[in-house]
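**Student:** Got a structure for you, written out below as structure tokens; questions coming shortly.
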Amino acid sequence: MYDFGIINGKLYQNGRWVNKNLYGSEGKIQAISAEFFEARELTDVNGMEVIPGVIDPHVHFELEGGSIKSVDDFYSGSVAAAYGGVTSIIDFLDPVDCAEDLEAAYLKRLNLAKKSIVDYAFHATIKNPKSDLEAFVLKMKSLGMNSLKLFTTYSDSGRRTYDEAIIELLKLSKKHKFLLMAHIENDDLIRLDDTFTYRDLPKSRPPESETSEALKLAEFTKKTNGNMYMVHLSSGKTLESLLTAYPDLINEHFFIESCPQYFTFTQDDLKKKDGYLYTFAPPLRSSFERDLLLRLRDSVYAIGTDHCAYMKADKKAKTLKETPLGIGGIEHSLNIMRYHLSDDAIDKMTRNVALSQRLATKGELKVGLDADLVIYERNNRETIRGNHGTSDYSLYEGLPSAGRVISTMLRGKFILKDNQFLGGVGKLIGGNKKP
């Protein structure tokens, strides 16, 4: 007898829908069949969709940015995640510049993440390195991490990594089989004017800064045979330029992540009375660039939210320099992306993330993998509603939705059932608890 069974569901498998039942024990999927078997707990979903648990590869919980910290900690952020069908998140260590400081950054983040009610992993983060890069990579690997993020901008805060080090890290990514992730903006094209307000954000961080830097890093990736993952691509022009110049490289060695906000909003939203709420980096682009991104959606490999939530009062600053950049989005990402991309969104939020981030037990409804799944009611008349994180606003409230999450299961146990929060205990995915 199985521990649990999900019966009469419409399961998403291998890019298509099948009418089957799913059974599991000890947190794993044990059987997927048209037959009916006995289970200690049976849930009849009456033809609703059953999809793999969403994996968000890009969140910032408890991010310390100057004097203002992002307001979702690992508990509140993971509660919002559960309401959105997200069963795994990947956060970032604080940036460090040497291998000696990496373990302390890891242990600090690990301790914070113990509050999470969904599973979690980490990306190492490097800033303007000042030590042996291979030693840094080997230390990262010893801690169980297989991804390393860098910034090509933020020289004003000492976070920028320069070209020589990027090329060396790309070579190491091939040698040591890890994924080099990059926040990609040309630092030389970014203007930090003390008089700028939030409305000047597109002028401060123009689309050319993203496109030119992305093309340069794609060329580095090609020459080194390395592996790079571009986080939060914002502009359809950038994607079009990459596809034109490097058609064989994209999503083979140079992977593209984008975010729900870039499919949903445009820089015109910054002109609204509450436009200060729409501030993040890279910023929103023109409606042409947004529409081009939608047309080229098949070439976006993965979706991450870049979830970094603040309160309204935090965002309402006099100048752009005083404005914390970031928004929440983890709770509504599945609804928004399925509205924009329909079923094409699913693999970008599940299977592709698991493959690129080497999460071997996640990402698909498949025998032997973790029983992480979402029961979803498709309804094109739905609108986005509700906010279970800490922030006192959501940019997505009232927008059209593809449907709604009914239940979320993590490793065979419901953490959300019939829209009622039950809670759970997240676990570290990979990594070493005691390095």
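The values are calculated or read from the model by the stated rules, or taken from the named source; none is laboratory data. Everything numeric in this text was worked out from a predicted model, so none of it was measured. Cβ sites come from the backbone with ideal geometry, for glycine too, and all protein chains shown count toward neighbours.
**Student:** Failed condition for Gly368, given (1) more than 16 Å from Tyr23 (Cα to Cα); (2) outside any strand (DSSP E or B); (3) not aliphatic (A, V, I, L, M), with all others met?
**Tutor:** (1)
**Student:** A further question on this structure: Need the failing condition index for Ser407 against (1) more than 17 Å from Val86 (Cα to Cα); (2) out of contact with any helix residue (DSSP H, G or I) (no Cβ under 6 Å at 6 or more places or on another chain), just the number.
**Tutor:** Going through (1) more than 17 Å from Val86 (Cα to Cα); (2) out of contact with any helix residue (DSSP H, G or I) (no Cβ under 6 Å at 6 or more places or on another chain) one by one, Ser407 breaks only (1).
**Student:** To continue, here is another question. Among the residues that make up the stretch 123-130, is at least one of them among the basic types (Lys, Arg) and in a loop (DSSP other than H, G, I, E, B)?
**Tutor:** Narrowing the stretch 123-130 to residues among the basic types (Lys, Arg): 127, 130.
Still in the list and also in a loop (DSSP other than H, G, I, E, B): 127, 130.
Within the stretch 123-130, one or more residues are among the basic types (Lys, Arg) and in a loop (DSSP other than H, G, I, E, B).
**Student:** Still on this structure: Identify, please: which residue in the stretch 84-104 is at negative phi and part of a loop (DSSP other than H, G, I, E, B) and is, among those, nearest to the chain's Cα centre (by Cα)?
**Tutor:** First, the residues of the stretch 84-104 that are at negative phi: 84, 86-104.
Cutting the leftovers down to part of a loop (DSSP other than H, G, I, E, B) gives us 84, 93-95, 97-98.
Details: Gly84: 13, Leu93: 15, Asp94: 17, Pro95: 18, Asp97: 24, Cys98: 26 Å.
Top of the filtered list is Gly84.
**Student:** As an exercise: evaluate Gln420 against (1) over 30 Å from Asp298 (Cβ atoms); (2) surrounded by fewer than 23 Cβ atoms within 10 Å (Cβ to Cβ); (3) in contact (Cβ under 8 Å) with a residue 60 or more places away in the chain; (4) not hydrophobic (A, V, I, L, M, F, W, C) and give the number of the one condition it does not meet.
**Tutor:** Exception for Gln420: condition (3).
**Student:** Something else: Could you please tell me which pairs satisfy a Cβ distance under 6 Å, a separation of 6+ or placement on different chains, a first residue in the stretch 359-386 that is more than 15 Å from Phe4 (Cα to Cα) and surrounded by 18 or more Cβ atoms within 10 Å (Cβ to Cβ), and a second residue that is modelled with pLDDT of 95 or more and of a type in the set (Gly, Ala, Ser)?
**Tutor:** That search, which allows pairs on different chains as well, returns Lys362/Ser88; Lys362/Ala354; Gly363/Ala354; Tyr376/Gly403; Ile384/Ser401.
**Student:** Quick one: how many residues across the stretch 312-333 are part of a helix (DSSP H, G or I) and closer than 14 Å to Glu397 by Cα?
**Tutor:** Of all residues in the stretch 312-333, those part of a helix (DSSP H, G or I) come to 312-315, 320-322, 333.
Applying the additional criterion that residues be closer than 14 Å to Glu397 by Cα yields 333.
Going through the stretch 312-333 one residue at a time, the tally reaches 1.
**Student:** Same structure, new question: Failed condition for Ala345, given (1) touching a residue at least 60 places away in the same chain (Cβ under 8 Å); (2) crowded, with 19+ Cβ neighbours inside 10 Å, with all others met?
**Tutor:** Just one mismatch for Ala345, condition (1).
**Student:** For the stretch 297-311, name all the residues that are crowded, with 16+ Cβ neighbours inside 10 Å and in a loop (DSSP other than H, G, I, E, B). Spell out how you get there, then give the answer.
**Tutor:** Going through the stretch 297-311, the residues crowded, with 16+ Cβ neighbours inside 10 Å turn out to be 297, 299-310.
Across the stretch 297-311, the qualifying residues are Val300, Tyr301, Gly304, Thr305, Asp306, Cys308, Ala309, Tyr310.
Conditions (1) β-branched (Val, Ile, Thr); (2) buried (at least 19 other Cβ atoms within 10 Å of the Cβ); (3) over 30 Å from Lys321 (Cα atoms), marked per residue:
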{"residue": "Lys10", "(1), (2), (3)": "no, no, yes"}
{"residue": "Phe37", "(1), (2), (3)": "no, no, yes"}
{"residue": "Ile68", "(1), (2), (3)": "yes, no, no"}
{"residue": "Leu93", "(1), (2), (3)": "no, yes, no"}
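**Student:** Next question. Where residues in the stretch 39-57 are touching a residue at least 40 places away in the same chain (Cβ under 8 Å) and not in a loop (DSSP other than H, G, I, E, B), which of them is surrounded by the most Cβ atoms within 10 Å (Cβ to Cβ)?
**Tutor:** Looking at the filtered set, the residue picked out is Val54.
**Student:** Show the residue pairs that are 6+ apart or on different chains and have beta-carbon atoms under 8 Å apart, the first residue being within the stretch 276-290 and among the aromatic types (Phe, Trp, Tyr), the second being surrounded by fewer than 17 Cβ atoms within 10 Å (Cβ to Cβ) and in a helix (DSSP H, G or I).
**Tutor:** Matching pairs, first to second residue: Tyr278/Asp269.
**Student:** Would you point out which residue out of Ala302, Ala317, Ala309 is closer than 24 Å to Val18 by Cα and either touching an Asp or Glu at 6+ places or on another chain (Cβ under 8 Å) or in contact (Cβ under 8 Å) with a residue 24 or more places away in the chain (or both)?
**Tutor:** Matching residue, one of Ala302, Ala317, Ala309: Ala302.
**Student:** Scanning for something touching a helix residue (DSSP H, G or I) at 6+ places or on another chain (Cβ under 9 Å), at pLDDT below 95 and not aliphatic (A, V, I, L, M), does the stretch 72-87 turn up at least one residue?
**Tutor:** No, there is no match, as no residue in the stretch 72-87 is touching a helix residue (DSSP H, G or I) at 6+ places or on another chain (Cβ under 9 Å), at pLDDT below 95 and not aliphatic (A, V, I, L, M).
**Student:** Between residues in the stretch 191-220 that are more than 20 Å from Lys237 (Cβ to Cβ) and touching a residue at least 40 places away in the same chain (Cβ under 8 Å) and residues that are buried (at least 16 other Cβ atoms within 10 Å of the Cβ) and among the aromatic types (Phe, Trp, Tyr), which pairs lie under 9 Å by C-beta distance while being six or more apart or on different chains?
**Tutor:** Filtered contacts from the stretch 191-220: Thr197/Tyr276; Tyr198/Tyr276; Tyr198/Tyr278; Arg199/Tyr276.
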